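J.: Submitted below is the structure of interest, expressed as structure tokens.
Bear in mind that the values in this text are calculations on the coordinates, not laboratory data. All of these numbers come straight from a predicted model, not from anything done at the bench. Note: ideal-geometry Cβ built from the backbone for every residue, glycine included; neighbour counts use all protein chains shown.
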Amino acid sequence: MASHNISKVFERDLGDRNSWFWKQRSSDVADVLEELEPRGNEETGSFVSEWKKSSIFPSEVHVELLTIGAIAHPYVGFNEHKAQWIGEVEWLYKCSFNFDTSTRHRNAILTFEGLDTICDVYLNRKKVLSANNQFRTYTYQIPASPAGPGLDLQSENILLLHFKSAKALAKAEEAKYGKVRAGSTNLGDPSRVYVRKAQYDWRWDWGPELMTCGPYRPITLTTYDVRIEDFHPRSFITFKPGDSSLDSIVLNVGITLAGSINLTQTSALVTLLDAGKRTIRSQSIQLKWSEQNATTVVSWEDLQLDKVELWWPVGYGMQTLYTVEVSLLDVESNVIHKKTKRIGFRTVELVQESLAEPDQYGTGTTFLFEINKVRMFMGGSNWIPADNFLTTITEERYRSWLTLLRDGNQNMIRLWGGGIYEPDIFYDICDELGLLVWQDFQFACGVYPAHDEFVASVKQEAEDNVTRLRHHACIALFCGNNEDYQQVLQWGGIGELPARLLYEHVLPDVVSRLTDPPLPYHRGSPYGGNGWDTSDPTVGDVHQWNVWGGKELQYQEYDRLGGRFVSEFGIPSMPSMSTIRYWMQGADESQWYAQSPLMAQHTKAGSFERRFAIVMNENFKLTSDFETHVYNTQLMQSEAVSFAYRVWRREWKGRGREYNAGVLVWQSNDCWPVVSWAIADYFLRPKPVYYTIARQLAPISVGISRTVAKNRDNDRPRQFYEFGATQTSHATLEIWGANNTLSTRPARLELRFFDLLSREWSYSEDHEVTLRPNQSTELVKLRCPGPVREGYSPGDPLYVPSANVVASARLVDTNTGEVLARFSDWPEPYRFLQPPDPGLNVKVNTSQGDGRTELRVTVERPAKCVVFSTTEQLGYNVKWSDNALDLVPGDSQVIVAEGLKDAKISLAYFGHEKSSYLHVAT
């Protein structure tokens, strides 16, 4: 073929919503192709008898039914149960597209980036493809026309997608291969393990059962003579021995072609550009091979001499990104095809090496991430899909979610194995924000099969997604599964885990074969220990569910329940009253209490009534007021989870003593409005815990632990004051600082103590301290002071001086006076306390510009968890720079509200849990 006959590649997105129609498959029509024939009026006919125009594309059936008002929203009331029929029937999509039959292209391919899930594809009434894996990219190579030159396409073409019931297939596969265990009863029907579909669609302990269906990702038609199928940019970075400073950056680029590849005069132009589109390097290569793959077409050394910079996770440097552009050229240098990928130059290692000294659990090994030769403490959260209806998640919504996490001082997000591999935009945003991604392969809480057909499908799924994601700077680790090893051990009686073939052979082979340098791979989460003992705190990662669930221990035990990397733990809470009002809309007044049927409908966690009762009754006063109870669940979650972050980060003690290298809370987000472990609810409304986590993960933080001395051995939390069978004498405080920066930081530690029962008593002391870099530092240990009250004897709670004393610590820059970190420790349990009126004063400054409002908050007495909110719809998108504040006299705090406009501000705090409008000073 002469080079001048090569035509430019033509790529067409078939996603024009005006060309797509949908309907329910008619049970009385035997041949699905007969459904293509019009049978009535599109506008007035039912969606069973007539085709309806798609409202959006990509498309999902529930969304289309909602658009035409055929179903009530499943997120409101009990409507989830009224939508179950949708997953039990079959659905059809069709579109028409034209094609220029005079095209000179010799090849054409249809690409389906995501079909959910069991789908037969017909092109011009001929079945060309059968899909059964939601996570795969399917392609159909359109053959040459049997009638002569050209492609087997017509001037007018019709594409028909026939979606069958994933639920029905799962039960059929279960009947064929046998019933297995798959999580508890609130983690969906066990038959789900047989179908490669998002597992949370079958129900989870935070999500509804909604069996989605449809072409949920783009469909494209590409015609070509030759095209770039893919290219792989691979960076190799070396560091100087000794100081680990940058030595060299090398970029290799390999290309894979498809089509008529016996080309003798075709060339490729490879260009590296910076964020400003400035060309850094560019090279043209003559392509003269006959095979499809070129392992390396360019190799550029010493890019650091061109001022190429490293990419860093947030908090450690800039997120510098570059674009690699590969163009396929004909003999006259015309561009035939062009592809681009955005990359960052970084190294990532999962370091599992012996510790120098034992901790409370023993010695064991580290489980830490080293980026660009810097060991980093990982603080973050577990991500679930942000909606059950994936086609409704916009780029803006993804960006808002991920920015929220970044602004909360998180540097890692784990994509959990029961959801999906997110679309490209998710990882693009993580690259930009500096969020590292722990990517699970999509297996969760089950005994998955390993028969040949299933393994082959999973292998292709893994190859598709590793190839798609491998160039992203944010990808830090691929993980084989979520809790499959752990649950088998917990259940007992399971003779074999067939999917070990996947987790220990197929998946690691794909990762090592398709990534270069190889990205870290971890068999499962959690995983470690002898015989894959998933609860061994000295090896691998752990999921800590012995507070909420398991042994149901007090959350004050988290400091004894850690491990080398805690990749899951959590405590649920109710969302904001605004979110509760959403799902309660139209509900009778009788439903407005914490244990009502409608509240239970939106609380999917197992044994939630009993588990809430245990942790709430241990820590807070009983209440029958709904709003007070909602607030108390949020305070409980905030206190428990932030305590875990605080004490586990304390265990990041420096080289050879990295006893805990990461904490990822369950969970980041919600897929619908619900009571859950999420730190921000479905509508992106952060709960108090979001802010307390952010303070614990700040570059510099300070912590206090209180150990209460008692007169006899007991089974109560060490932090609790006791005035019954066990008596309290005094309390000891330990204060430490954590410094994630890479520099030593001198500071002044300011300790202030306040009595909740008296204005008159207070105490203070200061210490000059030095925080060591990239680790925690123990600072001070002292007996907690308190007022001595006359007229009380042992046995009386008022006899114990510190029982009502709030201890406050601040780290202050000795040169500038800047407050680097602050923390207040209140006596526990909170149910014993009588919090005083704090005398809150809020000065509002609206002259900040850019829609920003500054609030300066002071108190006369200590206040806990002061939550600012807006109840009006006008304040829906208000963003608070900080919230859920602990305040003490003499330490004003400033927060900024963005988007407040004219909304009224409400506040609530411990002791005043029902929100009320704020009276402000200006």
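J.: With no solvent and one equal point scatterer placed on each C-alpha of region 473-589, evaluate the Debye formula and give log10 I(q)/I(0) for q = 0.12, 0.19 Å⁻¹, two decimals.
T.: Values, matching the q order: -0.61, -1.03.
J.: Which of the listed residues, Phe231, Ser184, Pro208, is farthest toward the dipole's positive end in region 171-274, when Lys, Arg count +1 and Asp, Glu count -1 at the beta-carbon?
T.: Of Phe231, Ser184, Pro208, it is Ser184.
J.: Let me ask something else. Could you pull out every residue, at least 5 positions away or on a different chain, whose amide H is within less than 5 Å of the one on Gly419? Hs are placed 1.01 Å off N in the peptide plane, and Pro or chain starts have none.
T.: It is Gln199, by chain and number.
J.: Can you give the relative contact order of region 393-496 as a percent, counting alpha carbon pairs under 8 Å and 6+ residues apart?
T.: Value for region 393-496: 32 percent.
J.: Please compute, for the alpha-carbon atoms of region 452-511, the extent along each of the three principal axes and give them in descending order in Å.
T.: 42, 27, 13
J.: State to the nearest 20 debye the size of the charge dipole of region 322-397 about its Cα centre, where the only charges are +1 on K and R beta carbons and -1 on D and E beta carbons. Show your work: numbers first, answer last.
T.: Values: 8 positive and 11 negative charges, 36 e Å.
Charge dipole of region 322-397: 180 debye, to the nearest 20.
J.: How many angstrom lie between the Cα centre of region 667-686 and the Cα centre of region 892-906?
T.: 22
J.: At q = 0.13, 0.15, 0.17, 0.22 Å⁻¹, what is the base-10 log of I(q)/I(0) for region 519-657 according to the Debye formula with one equal point scatterer per Cα and no solvent? Please give it to two decimals.
T.: Values, matching the q order: -0.68, -0.83, -0.97, -1.33.
J.: Next question, about the same structure. Computed over the Cα atoms of region 577-622, what is the ratio Rg over Rh, Rh following Kirkwood? Please report the intermediate quantities before stating the final value.
T.: Numbers: Rg = 12.0 Å, Rh = 11.8 Å.
Rounded to two decimals, Rg over Rh is 1.01.
J.: For region 130-273, what's the relative contact order in percent, using C-alpha pairs closer than 8 Å and at least 6 residues apart?
T.: Numbers: 142 pairs, mean separation 20.5, N = 144.
Relative contact order here is 14 percent.
J.: Also, I was wondering about something else. Find out how many positive minus negative residues lie around Asn124, taking Lys and Arg as positive, Asp and Glu as negative, among other residues whose Cβ is under 10 Å from that of Asn124. All intermediate terms of the calculation are to be shown ahead of the outcome.
T.: Numbers: positive: Arg125, Lys126; negative: Asp152, Glu156.
Net charge in that neighbourhood comes out at 0.
J.: Could you state the orientation-averaged shadow area of the convex hull built on the Cα atoms of region 586-652, in nm² to one decimal?
T.: Values: hull surface 23.1 nm².
Hull-based average projected area comes out at 5.8 nm².
J.: Mind checking the alpha-carbon convex hull of region 1-95 and giving the volume per residue in Å³? Can you show the working numbers first?
T.: Working: hull volume 15.2 nm³, N = 95.
Here the figure is 159 Å³ per residue.
J.: Here is a follow-up. Which Cys residues of the chain have no other Cys beta carbon under 4.7 Å away?
T.: Cys95, Cys119, Cys213, Cys445, Cys479, Cys671, Cys784, Cys865, each lacking another Cys Cβ under 4.7 Å.
J.: Sort 230-237, 364-371 for me by packing, meaning the mean count of neighbouring Cβ atoms within 10 Å per residue, highest on top.
T.: Values: 230-237: 19.4, 364-371: 21.5.
Packing proxy ranking, top to bottom: 364-371, 230-237.
J.: From the C-alpha gyration tensor of region 578-729, pull out the three semi-axes of the equivalent ellipsoid (sqrt of 5λ each), sorted largest to smallest, in whole Å. Numbers along the way, then the final one.
T.: Numbers: eigenvalues 203, 111, 28 Å².
Semi-axes (√(5λ), whole Å): 32, 24, 12.
J.: Could you tell me how many cubic angstrom of Cα convex hull volume region 803-920 has per residue?
T.: Values: hull volume 13.6 nm³, N = 118.
Once divided by residue count, the hull of region 803-920 is 115 Å³.
J.: Dividing the Cα radius of gyration by the Kirkwood radius, what Rg/Rh value follows for region 123-269? Mind showing how you got there, number by number?
T.: Numbers: Rg = 23.7 Å, Rh = 20.8 Å.
Taking Rh as the inverse mean 1/r over Cα pairs, Rg/Rh reads 1.14.
J.: ³J(HN,Hα) across region 81-88 via Karplus (A = 6.51, B = -1.76, C = 1.60, θ = phi - 60°), whole Hz, x for Gly/Pro?
T.: The phi angles translate into 6, 7, 9, 5, 4, 4, x, 9 Hz.
J.: While we're here: Hydropathy first: keep DSSP H helices in the chain averaging at least -0.5 on Kyte-Doolittle, then drop any whose Cα extent along the axis falls short of 18 Å, and list what survives.
T.: Working: long enough: 452-469 (25 Å, -0.64); 626-649 (35 Å, -0.36).
The qualifying helices are 626-649.
J.: Let me ask something additional. What is the dipole size for the chain, taken about its Cα centre, with +1 at each Lys and Arg Cβ and -1 at each Asp and Glu Cβ, in debye to the nearest 20? Could the numbers behind the result be given before it?
T.: Values: 94 positive and 114 negative charges, 137 e Å.
The calculation lands at about 660 debye.
J.: Which value in nm describes the separation of the simple spin-label points at Arg281 and Ser145, placed 7 Å from the Cα toward the beta carbon?
T.: 4.6
J.: Relative contact order of the chain: what whole-number percent is it, with Cα pairs under 8 angstrom and at least 6 residues apart?
T.: On the way: 2157 pairs, mean separation 76.8, N = 922.
The normalised contact order for the chain reaches 8 percent.
J.: Distance between Cα centroids, region 266-345 to region 748-780: provide it in whole Å.
T.: 53
J.: Amide H to amide H, which residues 5 or more places from Ile118 or on other chains are under 5 Å from it, using H placed in the peptide plane?
T.: Lys164, Ala166
J.: Projected onto the charge dipole of the chain (+1 at Lys/Arg Cβ, -1 at Asp/Glu Cβ, origin at the Cα centre), which of Cys95, Asn388, Asn632 gives the Cα projection farthest towards the positive end?
T.: Highest projection toward the positive end goes to Asn632.
J.: Relative to the compact globular guide of 2.2 N^0.38 Å, what is the alpha carbon radius of gyration of region 667-707, as a ratio? Walk me through the numbers on the way to the answer.
T.: Numbers: Rg = 13.0 Å, N = 41, 2.2 N^0.38 = 9.0 Å.
Rg over 2.2 N^0.38 Å, computed on Cα atoms: 1.44.
J.: Another question, if that's okay. Using only the alpha carbons of region 371-518, determine the length spanned along each of the three principal axes and report them from longest to shortest in whole angstroms.
T.: Computed over region 371-518, the largest-to-smallest principal extents equal 46, 34, 31 Å.
J.: Right, next: Rounded if a/c is under 1.5, else prolate if a/b is larger than b/c, else oblate: which is region 319-422, with a ≥ b ≥ c the root eigenvalues of its Cα gyration tensor? Write down the numbers at each step before the final one.
T.: Details: a/c = 2.85, a/b = 1.53, b/c = 1.86.
Oblate, because a/c is 1.5 or more while a/b does not exceed b/c.
J.: Under 1.5 on a/c is rounded, so check that first for region 635-722, then, if it is not, pick prolate when a/b is larger than b/c and oblate when it is not; a ≥ b ≥ c are the square roots of the alpha carbon gyration tensor eigenvalues. Present the calculation step by step, with values, prior to reporting the outcome.
T.: Working: a/c = 2.48, a/b = 1.38, b/c = 1.80.
Oblate.
J.: Could you order peptides 672-685, 460-473 by the average number of other Cβ atoms within 10 Å of their residues, highest first?
T.: Working: 672-685: 23.4, 460-473: 20.1.
Per-residue mean Cβ counts within 10 Å order the peptides as 672-685, 460-473.
J.: From zero outward in steps of 20 Å, how is the percent of C-alpha pairs of the chain spread across the bins?
T.: Binned Cα distances yield the sequence 13, 42, 34, 10, 1, 0.
J.: Restricting the calculation to Cα positions, tell me the Rg (one decimal) and the Dmax (whole number) of region 737-838 in Å.
T.: Using the Cα atoms of region 737-838, the pair Rg, Dmax is 16.4, 53 Å.
J.: Could you sort 178-184, 647-653 so that the peptide with the highest average Cβ count within 10 Å comes first and the rest follow in order?
T.: Values: 178-184: 16.6, 647-653: 23.0.
Highest mean packing first, the order is 647-653, 178-184.
J.: While we're looking at this one, here's another question. Pick out, from Gly242, Tyr75, Cys865, the residue whose Cα sits farthest towards the positive end of the charge dipole of the chain, with +1 on the Cβ of Lys and Arg and -1 on the Cβ of Asp and Glu.
T.: Most positive-ward Cα: Gly242.
J.: Separation of region 540-577 and region 384-421 by C-alpha centroid, Å?
T.: Their Cα centres are 22 Å away from one another.
J.: Would you mind listing how long region 125-194 runs along its three principal axes, going by Cα atoms, in whole Å with the largest first?
T.: On the principal axes, region 125-194 reaches 58, 20, 19 Å in Cα extent.
J.: Moving on. List the lysines whose Cα lies under 21 Å from the Cα of Lys52, skipping any in the same chain that are fewer than 8 positions away.
T.: Output for Lys52: Lys23, Lys94, Lys164.
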